[in-house]
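Asks: After the structure tokens below, expect a handful of questions from me.
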Amino acid sequence: MLKTRTIRSGLALAITVALVGTLAACSSGDSSGGDDKSLEVWTRSGPEAAASYQPVFDAFTKKTGIKIDYKPILEFDTQLQARAGQKDLPDVLINDAGSLGNYVSQGFLLPIDKSSIEGSDQIADKTWDENRGTDGKYYGVPWSRQAAVTIIRKDWREKLGLPVPKTWDDLSALGEAFATQDPDGDGVADTYGMVVAGSAQSGYALRWAASYLFQAGGGLLKYNGDGTYKSVVNSPEAATAVEWMRKQFCTPGVVVPGSINLTTADTPFFGQGTAGISLTGPYNISTFEANVGADNVEVIPMPAGPGGGVTSLAEGENIYFGASSKKTDLQKQLAEFLITPEAQELAMKVTTNEAGVVSQPVVRIPVNKTVDVAAVTGDPRWTVAADAYNDSENFPYAIDFLPFRQIAADELNAMLSDCNSDIPAGLKKIDDGFVAELKNQNLSQ
């Protein structure tokens, strides 16, 4: 493992040096790109998300005359690495906020002067601060945010006469009732409680577990305030959270059987009508509605963990400026438009394009403070989602968190798959891995 990471670090350094050289050469040119009033823009998107982005870019072009060469990319990072090897990155990237540290370490991004971005004061300082690198500079303009929410089959809950869960114990009881009391009324024992993507692959186990870990008062990494971090994962609070999560897996029916090996691509159970609880992003509200009916999709405030914690895992997307671009003025103009209420609201709408593709909103919780998500969507459930983001915690965006995510997911998966697992030993193993990775990334004090 160490050899692999050392090779990766060497490659990253080589790419960084190459791109820095390219950037230095480009910076001597016209920052607007000369007469070329166009931008190549990439998003990590399938056709549904692309159908949402296109009207936004069309509105920008109509307003400014700047053309957008828009490329929705599914294999985003693979193709980005290829373009980095050519020293020719896209002008603008819109991708996961969690990619910031990884991209900065590879020299992919230009730093951003927050004070020069018109409308920057309409974004909360908390959201801006998520986009600082370990050097204190900003490397992304916030575009969209979201936090995990608990979604429940309302019709099932009401049929069984059960209240909205307020605590973890309530949530467990509801999951068990969905598994044992025939909430769909078909007389067959074919329903379950929680939908969980519990695979270690790509860190899925941690993405599901993180909200509960935070709600119990546990954590992962703590910022020391000087560009370094320390591991805080091995704590009594974390042990309490893992014990509760393991109990859900080990109580028949509370979690869909086989979830320990599933990714999000393998978990259609809520929409199929076979499971009634999903901890997921609010982007699934419309998807679930299409499958089980809008009246049956209930978004509830996060049931409180020990001590009353309701913190959710937050995620989001940023606007990044490609380091090899010399169109800094055009990059800035696009970013400034994208954070306006006009653009944010356009990206929240569900429409059907000329090809018949129904768009998927690409702004979930707007970063512009003047935009009311519930008013735009006409759906008060989005207020619950916005409140969840206001009481949320994210994985550290300033560093390459992917190795940490995988370390934690591997061991969490192992602990949740064995009803007799040694949880203190498992947390110690995660802690040891975190400490080693902090040293590997020169992030230790």
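Asks: For the stretch 278-379, what is the convex hull volume of its Cα atoms per residue in Å³?
Replies: For the stretch 278-379, the hull spanned by Cα atoms encloses 173 Å³ per residue.
Asks: Looking at this model, which pairs from K62/K326; K137/K166; K71/K114 are more than 31 angstrom apart at the alpha-carbon?
Replies: Where the Cα-Cα span goes over 31 Å, the pairs concerned are K137/K166.
Asks: If you don't mind, another one. Using only Cα atoms, locate the centre of the stretch 172-241 and the centre of the stretch 383-437, then give the distance between them in Å, rounded to an integer.
Replies: Rounded to whole Å, the Cα centres lie 10 Å apart.
Asks: Please give me the summed charge of the neighbours of V373: other residues whose Cβ is under 9 Å from its Cβ, Lys and Arg +1, Asp and Glu -1. Intermediate results must be reported in sequence, preceding the final value.
Replies: Details: positive: R364; negative: D372, D379.
Local charge sum for V373: -1.
Asks: Once R0 is set to 30 Å, what does the formula 1/(1 + (r/R0)^6) return for the Cβ-Cβ distance between T251 and A374, expressed as a FRET efficiency to the nearest 0.05?
Replies: On the way: r = 35 Å, r/R0 = 1.18.
Efficiency at R0 = 30 Å is approximately 0.25.
Asks: For the stretch 345-440, count the residues as N, evaluate 2.2 N^0.38 Å, and divide the Cα radius of gyration by that value, please.
Replies: Values: Rg = 20.1 Å, N = 96, 2.2 N^0.38 = 12.5 Å.
Ratio of Cα Rg to 2.2 N^0.38 Å: 1.62.
Asks: Let me know the whole percent of all Cα-Cα pairs from the stretch 191-322 that are separated by more than 19 Å.
Replies: The proportion of pairs with Cα distances above 19 Å equals 57 percent.
Asks: Where the accessible area of the stretch 230-269 is counted over protein heavy atoms with a 1.4 Å probe, how much of it, in %, is carbon and sulfur?
Replies: Carbon and sulfur atoms account for 53 percent of the accessible area of the stretch 230-269.
Asks: Can you work out the accessible area per residue across the chain, with the rest of the protein chains kept in place, probe 1.4 Å, in square angstrom?
Replies: Numbers: 18650 Å² over 445 residues.
Averaged over the residues of the chain, the accessible area is 42 Å².
Asks: How high is the FRET efficiency from K428 to E354, r the C-beta distance, R0 60 Å, rounded to 0.05?
Replies: The formula returns an efficiency of 0.60 here.
Asks: Jot down the radius of gyration and Dmax of the stretch 177-265, Cα atoms only, both in angstrom.
Replies: For the stretch 177-265, the Cα radius of gyration and maximum Cα-Cα distance read 16.5, 60 Å.
Asks: Lys and Arg at +1, Asp and Glu at -1: add these up for the other residues within a Cβ distance under 11 Å of P306 and post the number.
Replies: So the environment of P306 carries a net charge of -3.
Asks: Stokes-Einstein diffusion coefficient for the stretch 64-198 at 25 °C in a medium of 0.890 mPa s, Rh from the Kirkwood formula over Cα pairs: what value in µm²/s? Walk me through the intermediate numbers first.
Replies: Working: Rh = 19.5 Å.
Stokes-Einstein gives a translational diffusion coefficient of 126 µm²/s.
Asks: When DSSP assigns beta bridges and you keep just the ones with both residues in the chain, what percent turn out antiparallel, to the nearest 5?
Replies: 60
Asks: Taking a cut-off of 18 Å between Cα atoms, list the lysines near K230, but don't count ones fewer than 8 places away on the same chain.
Replies: K222, K428, K429, K439
Asks: For the ranges 139-149, 409-419, what's the packing order if you count other beta-carbon atoms within 10 Å of each residue, average per peptide, and put the highest first?
Replies: 139-149, 409-419
Asks: Sticking with this one: Any idea how far apart E243 and Q81 come out in nm if each label point goes 7 Å out from Cα toward Cβ?
Replies: Simple spin-label model gives 4.2 nm for this pair.
Asks: I'd like to know which of T127, Q146, S116 lies farthest towards the positive end of the charge dipole of the stretch 103-159, counting +1 on Cβ of Lys and Arg and -1 on Cβ of Asp and Glu.
Replies: Among T127, Q146, S116, the one farthest towards the positive end of the dipole of the stretch 103-159 is Q146.
Asks: Rounded to the nearest 500 deg cm²/dmol, what is the calculated helix-only ellipticity per residue at 222 nm for the chain, with -39500 (n - 2.57) per DSSP H run of length n ≥ 4? Don't skip to the answer; put the middle values down first.
Replies: Working: 17 runs with 188 residues, N = 445.
Using -39500 (n - 2.57) per qualifying helix, the result is -13000 deg cm²/dmol.
Asks: Which whole-number percent is the relative contact order of the stretch 232-323 (Cα, under 8 Å, 6+ apart)?
Replies: For the stretch 232-323, the relative contact order is 12 percent.
Asks: Treating only the Cβ atoms of Lys and Arg (+1) and Asp and Glu (-1) as charged, compute the dipole magnitude of the stretch 280-421 about its Cα centre; round to the nearest 20 debye. The partial results should precede the final answer.
Replies: Values: 8 positive and 19 negative charges, 92 e Å.
That gives a dipole near 440 debye.
Asks: I've got another one for you. Please compute the contact order of the stretch 44-113 in relative form: average sequence separation of alpha-carbon pairs under 8 Å and at least six residues apart, divided by the residue count, as a percent.
Replies: Result for the stretch 44-113 is 31 percent.
Asks: Taking 8 Å as the Cα distance limit and 6 or more residues as the minimum spacing, I'd like the relative contact order of the chain as a percentage.
Replies: Relative CO of the chain lands at 27 percent.
Asks: Further, regarding this structure: Which log10 I(q)/I(0) values does the chain give at q = 0.07, 0.08, 0.11 Å⁻¹ under the Debye formula, counting every alpha carbon as one identical point scatterer?
Replies: Ignoring solvent entirely, the Cα scatterers give -0.36, -0.48, -0.90.
Asks: Stretched out fully, how many nm does the piece from D135 to D36 gain, at 0.36 nm a residue minus the Cα gap?
Replies: Full extension of this stretch gives 32.4 nm more.
Asks: Helix check for the chain. Which DSSP H runs span at least 20 Å along their own axis by Cα, with a mean Kyte-Doolittle hydropathy no less than 1.0?
Replies: The answer, listed by residue number, is 2-26.
Asks: Also: Describe numerically, in nm with one decimal, the distance between label points set 7 Å from Cα along Cα→Cβ at D58 and at E158.
Replies: Label at D58, label at E158, 3.8 nm between them.
Asks: Of I319, N390, Q81, which is farthest along the charge dipole of the chain in the positive direction, counting Lys and Arg as +1 and Asp and Glu as -1 at C-beta?
Replies: In the chain, that residue is Q81.
The values are calculated or read from the model by the stated rules, or taken from the named source; none is laboratory data. Treat the numbers as computed from the prediction; the structure is a model and nothing was measured. So basically every Cβ, Gly included, is an ideal-geometry build from the backbone, and we count neighbours across all protein chains shown. Just the protein is used for accessible areas: all its heavy atoms, side chains included, with ligands, DNA and RNA removed. Shrake-Rupley method; radii C 1.70, N 1.55, O 1.52, S 1.80 Å.
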